[in-house]
Amino acid sequence: MSITDPNRPSYSNLEREKPTPAEVTLQINPSTKRRLLITLSFPLLFLLAIPFWWYVTSIERLPLPVSRIDTLSNITIPEVRGKILVTADSDAFPTPPPGRAVFETKVILEALGREVVKGVDGIYERSRPQKKRNWDLIYDDNKENPTPFKVHLRRFEHANTSFPLEPYVQPFEKGLMTSGITEGTLVIPVHPKQISDRFLKQHYKIALINSLLSLYPAQPPMIPLRSLKYSPNITLSFVLLNEDSSQGSYARSWSIESAIQDHFIPQLEPLKDIFNFTIESQILYHAPLTFSPTLGEPSSEKCDSARIDAALEGAKRGDEMDEAIAIDLIQESRQQAWWVGEEDMKVFVNSERWSLDSGSTNNPVLRFLLYIPKEAHRPMKLATEDSAQSFLLPQFGSVHILNPPSLSLTQTSTYHLSSSTLKGSFHLFTQHLYSLLALPVLYDPGKIHHPPSPSPLLPPSDMWQGITPWQVNQVLLSRGKENSEEAIKTLIGIKRLVRKIKEMKIGKGVRDKVLGSVERLEQMSENRSALENFISSRDAVTLANEAFFDPSMMGLLYFPDEHKFAVYTPLFAPVAVPLLLGLLKELLSWRKRKRAAAGPAPVLTATATVVEESQEQGMVVQELVNDQSLISEIEQRDDSQTSVATGEEVLGARELRSRIKK
């Protein structure tokens, strides 16, 4: 294209076609209304997202039955009223003389029962605090729902021939010759020679009142502190501990299965509806003590002089058994022994060195430890007043020290503990089991006696009688009361925590557990059996504890309001500040326009004229700046570029200089 090409655009045409900065500004920047809408869209978006944010971050707090929980805190545990069936042998009462009316056995029992009830009520009315009888006597059993509590007046040839009568609870019988009386029945035995006594009815009355007061108390027994807190699953761990098997004379095995079968199963089987027992055993061959026992002779206080005197009196009367016992006690009192003091008993169990861990991790464990001292520490005895060889550890278990025969009397350095050898130890373990589980003792001196031998030729059994229905009923009542009180206390604790801690979550699972616990407590009544009330209380305390320790309730307890502010402030503050400033700017601009629109016309016209002139001046200045930039570019070109520059460009540059000067 040449310099004189008529199609080449002139500089003046380029200048007219190029938009001015003001026009560019108007094209780029939106209008005032549009800018306001854009600015308002951001807070509007936040406002629309608030419900979703509130739903996502809000804490679920479902309502709890607070009023029903408050009602439970004021109620008393219902007392179940039991029914006791009374029966008798037809020949347990004297035969009336000729001419006298002959009454049926049931009529005689009803008259006797009224006297017994009257006597028991009188005793309870005079007691402080007053108590109420919670049982009734019946004389015909319900075959569909038989009562477990039975009383039988029995004519027994081997009964005591002298008064007072000696009631006992019928034990389990095996063999061909049995009495036919149901196990667990309260038996009032009477000898045939006593039936003709004119005061036999009074003796029956006294025996029944004393025995019923003992077997069916007005209030359930208290749970002592040494007993284990109720748990549906309990592990019984039997451990044989050898102090040091490396020195020889240690127990390599024991007849644990037969010992448990003879001593523990009769006690545990009737409690299957209350406890679920798991039994395990182990043998440890190295169980050192943390202290050294003291070698010495027993002092006069440690010697059981009362037992020695009683055995000597029996030996003087010609009793061979008492004579043998007296000889053993005298030899034992003269023998030196290794004594374990009362302070040493507190640290006897060396938990650090003894591996007593049970296979079950969650269930409470009761440990029965049979300790075999080494040869150098035999005989080992406890420095107690009653010369006992065992002691109880509250809520832990029991320890029994067994001194086996000396090595000089045995053929080998190891031996087996037979059932007969373990008999005394497990007899003591059974007593400790009663204390650890808060089981009521059956025998009550003067009220409930040991059952007699079925035959004079057989010696009386020294084994503990199995748990009877009378004892099971007391356990159900006491443990049911314990569970109910614990459940109510836990529910009240949940209510207070929820009311105090606003961040605590209450989900559907927690609410259902609380409702289930409340409903089961409300189901307990006097019209239900002791077992049904116990099951309701057990389920109630289980659900209450599960709700109290539910992980979902503890999740937000460690995130207070200060933590929430610390999380959200760095996220929303950088965004909120520009939005707020933009809104403030638009608000001020809107107010300025509103005032301008509401002002007088001349002022508005003058203002508009000034604004238009200012805009024109600004456009001219901007054009001059652009032209000056173009001139500088032309002048800065090198020689080769200048040689090909057109004359029109030079003329245009000179014209621009003159305009800039003007």
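The values are calculated or read from the model by the stated rules, or taken from the named source; none is laboratory data. For clarity, every value in this text was computed on a predicted model and none was experimentally measured. Here Cβ is always computed from backbone atoms with ideal geometry, including for glycine, and neighbour counts include all displayed protein chains. The area values use the complete protein model at the heavy-atom level, side chains included, leaving out ligands, DNA and RNA. Shrake-Rupley method; radii C 1.70, N 1.55, O 1.52, S 1.80 Å.
Of all the residues that make up segment 198-220, how many are open to solvent by 50 Å² or more (accessible area, probe 1.4 Å) and outside any helix (DSSP H, G or I)?
The number of residues fulfilling the criteria is 3.
For segment 180-189, does any single residue satisfy the condition of being touching a residue at least 12 places away in the same chain (Cβ under 8 Å), of a type in the set (D, E, K, R) and surrounded by fewer than 17 Cβ atoms within 10 Å (Cβ to Cβ)?
yes
What is the residue count in segment 485-496 for residues that are in contact (Cβ under 8 Å) with a residue 12 or more places away in the chain and open to solvent by 10 Å² or more (accessible area, probe 1.4 Å)? Give the derivation first.
First pass over segment 485-496, keeping only residues in contact (Cβ under 8 Å) with a residue 12 or more places away in the chain: 485-488, 490-495.
Those left that are additionally open to solvent by 10 Å² or more (accessible area, probe 1.4 Å): 485-486, 488, 490, 492-493, 495.
Result for segment 485-496: 7.
Would you confirm, using the coordinates I've provided, whether GLY318 is assigned to a helix (DSSP H, G or I), over 21 Å from ALA388 (Cα atoms), out of contact with any Gly (no Cβ under 9 Å at 6 or more places or on another chain) and modelled with pLDDT of 65 or more?
Working: assigned to a helix (DSSP H, G or I): no; over 21 Å from ALA388 (Cα atoms): yes; out of contact with any Gly (no Cβ under 9 Å at 6 or more places or on another chain): yes; modelled with pLDDT of 65 or more: yes.
Here the answer is no, as GLY318 does not meet what is asked.
Identify, from the list GLY113, GLY122, the residue that is assigned to a helix (DSSP H, G or I), open to solvent by less than 10 Å² (accessible area, probe 1.4 Å) and small (Gly, Ala, Ser).
GLY113
Can you list residue pairs whose Cβ atoms sit under 8 Å apart, with the first residue in segment 103-120 being touching a residue at least 24 places away in the same chain (Cβ under 8 Å) and the second being among the small types (Gly, Ala, Ser) and surrounded by 14 or more Cβ atoms within 10 Å (Cβ to Cβ)? Count only pairs 6 or more apart in sequence or on different chains.
LEU109/ALA88
Would you mind stating whether LEU26 is at pLDDT 75 or above and closer than 24 Å to GLY582 by Cα?
no
So which of GLU522, GLU482 ends up being surrounded by fewer than 19 Cβ atoms within 10 Å (Cβ to Cβ) and touching a helix residue (DSSP H, G or I) at 6+ places or on another chain (Cβ under 9 Å)?
Only one candidate passes the filter, namely GLU522.
Rundown of residues vs (1) over 24 Å from HIS400 (Cβ atoms); (2) modelled with pLDDT of 95 or more; (3) not in a helix (DSSP H, G or I), yes/no style:
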position: SER453; (1), (2), (3): yes, no, yes
position: LEU458; (1), (2), (3): yes, no, yes
position: ILE467; (1), (2), (3): no, no, yes
position: LYS481; (1), (2), (3): yes, no, no
position: LEU497; (1), (2), (3): yes, no, no
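Could you tell me whether any residue of segment 344-365 is of a type in the set (Lys, Arg) and either at pLDDT below 80 or open to solvent by less than 40 Å² (accessible area, probe 1.4 Å) (or both)?
no
Examine segment 225-236 for a residue that is open to solvent by 30 Å² or more (accessible area, probe 1.4 Å), at pLDDT below 95 and assigned to a helix (DSSP H, G or I), and state whether such a residue exists.
No, every residue in segment 225-236 fails to be open to solvent by 30 Å² or more (accessible area, probe 1.4 Å), at pLDDT below 95 and assigned to a helix (DSSP H, G or I).
Quick one: MET504 ticks every box in (1) in contact with a strand residue (DSSP E or B) (Cβ under 8 Å, 6 or more places away or on another chain); (2) not in a loop (DSSP other than H, G, I, E, B) bar one, so which box is it?
Here MET504 clears every test but (2).
Being within 43 Å of the chain's Cα centre (by Cα) and hydrophobic (A, V, I, L, M, F, W, C) is true for just one of VAL80, VAL116. Which residue is that? Steps first, please.
Numbers: VAL116 fails: within 43 Å of the chain's Cα centre (by Cα).
Only one candidate qualifies: VAL80.
State whether one or more residues within segment 65-86 are loosely packed, with under 11 Cβ neighbours inside 10 Å, small (Gly, Ala, Ser) and in the same structural domain as ASP512 (by TED's automatic domain parsing). Reasoning before the result, please.
Of all residues in segment 65-86, those loosely packed, with under 11 Cβ neighbours inside 10 Å come to 67, 74, 76.
Now narrow it down to the ones that are small (Gly, Ala, Ser): 67.
Of the ones still in play, those that are also in the same structural domain as ASP512 (by TED's automatic domain parsing) are 67.
So far as segment 65-86 goes, yes, one or more of its residues are loosely packed, with under 11 Cβ neighbours inside 10 Å, small (Gly, Ala, Ser) and in the same structural domain as ASP512 (by TED's automatic domain parsing).
State the number of residues belonging to segment 130-146 that are within 16 Å of SER214 (Cβ to Cβ) and polar (S, T, N, Q).
Here the count works out to 1.
Name the single residue that is farthest from ASP444 (Cα to Cα) among those in segment 125-176 being hydrophobic (A, V, I, L, M, F, W, C) and open to solvent by 80 Å² or more (accessible area, probe 1.4 Å).
LEU176
Determine whether segment 41-60 contains at least one residue that is touching a residue at least 60 places away in the same chain (Cβ under 8 Å), outside any loop (DSSP other than H, G, I, E, B), surrounded by 11 or more Cβ atoms within 10 Å (Cβ to Cβ) and outside the structural domain of LEU165 (by TED's automatic domain parsing).
Among the residues of segment 41-60, at least one is touching a residue at least 60 places away in the same chain (Cβ under 8 Å), outside any loop (DSSP other than H, G, I, E, B), surrounded by 11 or more Cβ atoms within 10 Å (Cβ to Cβ) and outside the structural domain of LEU165 (by TED's automatic domain parsing), which makes the answer yes.
Report whether or not ALA92 is surrounded by 15 or more Cβ atoms within 10 Å (Cβ to Cβ), of a type in the set (Gly, Ala, Ser) and not in a helix (DSSP H, G or I).
Yes.
Can you list residue pairs whose Cβ atoms sit under 6 Å apart, with the first residue in segment 283-300 being over 21 Å from THR384 (Cβ atoms) and the second being among the hydroxyl-bearing types (Ser, Thr, Tyr) and at pLDDT below 90? Count only pairs 6 or more apart in sequence or on different chains.
Sorted first by the residue in segment 283-300, then by its partner, the pairs are TYR285/SER245.
Would you please name the residue that is farthest from the chain's Cα centre (by Cα), looking only at residues in segment 425-448 that are surrounded by 16 or more Cβ atoms within 10 Å (Cβ to Cβ) and in a loop (DSSP other than H, G, I, E, B)?
Filtering first and then ranking leaves LYS447.
On the given criteria, is GLU15 modelled with pLDDT under 75 and surrounded by 13 or more Cβ atoms within 10 Å (Cβ to Cβ)?
So GLU15 fits the description; yes.
Taking only pairs six or more apart or across chains, which ones have beta-carbon atoms under 7 Å, a first residue in segment 144-163 that is farther than 18 Å from GLY180 by Cα, and a second residue that is basic (Lys, Arg) and open to solvent by 70 Å² or more (accessible area, probe 1.4 Å)?
Taking only residues 6 or more apart or on different chains, the pairs are THR161/LYS193.
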